[in-house]
Ligand SMILES: [Fe+2]
């Protein structure tokens, strides 16, 4: 596949390496005999963007076509949104938001988009429409500590324009998790929010792959969500990258 933008190249490179690391990466989840456990909800917190950045795509490491990327351990965060039976949920909007490498959100109460203590190259927020197989994908940074919390990424999932789940995910094995008040309050179900950040095979730049599969706690009806027009391009970008990989595995 030629003429991919740099943005798509990154994604394609990730998809290729992820496929090398996991033969099942593109397999369709299918229906499971046993019901899955719904991903537990967690508080939204005070820093959901009060003003969305101009760029809200699923590459948080690069804002629009800026040359300088964000600082941090580049992480390919991906997974599948399914229902309790493991059926993929297509056209669900997944949003993430998190602090930059200095611990600042893009919220105006935390310095704002152009605050002096922010990495102006980190998007801080992104969204993605799940593909037909329920998959989503973000390029972001490994979350870092900020006062009072263990490292985390906020996640929200919408169906049919309505918020279906608000939660957070964490670095599996991080010692700071045990001291986090919100994790302690959630108790045992917090294990479903733990994500392994693994080195991406063949990545010379030390990039990471993190898989967070999301199970929505409902049994779906027969209808499908209506895609939001301004997010259609995100979904197409994923499918384009996937197609490119299948056509040209080199
Ligand atoms: Fe937070």
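The values are calculated or read from the model by the stated rules, or taken from the named source; none is laboratory data. Here the structure is a predicted model, which is why all the values come from computation and not from measurement. Glycine gets a Cβ as well: all are built from the backbone with ideal geometry, and neighbour counts include every protein chain shown.
Couple of notes before you dig in:
- So residue 55, is it within 16 Å of the ligand (Cβ to nearest atom), out of contact with any strand residue (DSSP E or B) (no Cβ under 6 Å at 6 or more places or on another chain), modelled with pLDDT of 85 or more and at negative phi: no
- Members of segment 80-102 that are in contact with a helix residue (DSSP H, G or I) (Cβ under 9 Å, 6 or more places away or on another chain) and either within 12 Å of the ligand (Cβ to nearest atom) or over 16 Å from residue 162 (Cα atoms) (or both): 99
Matching residues to (1) in contact (Cβ under 8 Å) with a residue 60 or more places away in the chain; (2) touching a helix residue (DSSP H, G or I) at 6+ places or on another chain (Cβ under 6 Å); (3) in a strand (DSSP E or B):
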position	(1), (2), (3)
122	yes, no, no
163	no, no, yes
166	yes, no, yes
190	yes, yes, no
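To keep it simple, each residue is scored yes or no on (1) modelled with pLDDT of 95 or more; (2) within 18 Å of residue 80 (Cα to Cα); (3) under 13 Å from the mean Cα position of the chain (by Cα).
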| position | (1), (2), (3) |
| --- | --- |
| 152 | yes, no, yes |
| 177 | yes, no, no |
| 184 | yes, no, no |
| 197 | yes, yes, yes |
| 203 | no, no, no |
| 206 | no, no, no |
| 212 | yes, yes, yes |
| 219 | no, yes, no |
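- Any chance residue 185 is in contact (Cβ under 8 Å) with a residue 24 or more places away in the chain and either farther than 18 Å from residue 61 by Cβ or within 15 Å of the ligand (Cβ to nearest atom) (or both): no
- Residue within segment 136-152 that is surrounded by fewer than 21 Cβ atoms within 10 Å (Cβ to Cβ), more than 14 Å from the ligand (Cβ to nearest atom) and assigned to a loop (DSSP other than H, G, I, E, B) present: yes
- In the condition set (1) part of a strand (DSSP E or B); (2) in contact with a helix residue (DSSP H, G or I) (Cβ under 8 Å, 6 or more places away or on another chain); (3) within 16 Å of the ligand (Cβ to nearest atom), residue 76 is compliant with all but (3).
- Restricting 168, 123, 175 to residues that are within 11 Å of the ligand (Cβ to nearest atom) and at negative phi narrows the list to 168.
- Residue selection: residue 201 satisfies the criterion of being farther than 19 Å from residue 54 by Cα, touching a helix residue (DSSP H, G or I) at 6+ places or on another chain (Cβ under 7 Å) and surrounded by fewer than 18 Cβ atoms within 10 Å (Cβ to Cβ).
- Condition check for residue 65: within 15 Å of the ligand (Cβ to nearest atom) and more than 29 Å from residue 189 (Cα to Cα): no
- Pairs where the first residue, in segment 40-58, is under 21 Å from residue 169 (Cβ atoms) and the second is part of a loop (DSSP other than H, G, I, E, B) and within 9 Å of the ligand (Cβ to nearest atom), C-beta under 6 Å, 6+ apart: 47/105
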